[in-house]
């Protein structure tokens, strides 16, 4: 997903050996979320259930 939504890619520690090279990718947060949502919603054999919390019941805290 990062490859589909990246804004910038960079290899870190390039002046050192290949064992410590690391790829850093900066992604578009909104595009990443939108694309992942589409993928999940269109996944076969997957049912998504959404709901809204209307109440929160907390019990007595014990130490």
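Derivation of every value follows stated rules applied to the coordinates shown; laboratory data play no part. Everything quoted here is computed from the prediction, not taken from an experiment. Reconstructed Cβ throughout: ideal geometry from the backbone, glycine too, with neighbour counts over all protein chains shown.
By the count of other C-beta atoms within 10 Å, a proxy for reagent exposure, 41, 50 are ordered fewest to most as 50, 41. The residue 32 and residue 58 beta-carbon pair, evaluated with R₀ = 30 Å, returns a calculated FRET efficiency of approximately 0.35. Under the criterion of Cα pairs below 8 Å and six or more residues apart, the relative contact order for the chain equals 27 percent.
Using the Cα coordinates of segment 2-41, the gyration tensor eigenvalues translate into equivalent-ellipsoid semi-axes of 29, 10, 5 Å, sorted from longest to shortest. Ordered by the number of other Cβ atoms lying within 10 Å of each residue's own Cβ, fewest first, 48, 39 fall into the sequence 48, 39. Note on 28, 3, 55: ascending count of other Cβ atoms within 10 Å places them as 55, 3, 28, the fewest first.
Rounded to the nearest 0.05, the FRET efficiency derived from the C-beta distance between residue 46 and residue 1 at R0 = 22 Å is 0.85.
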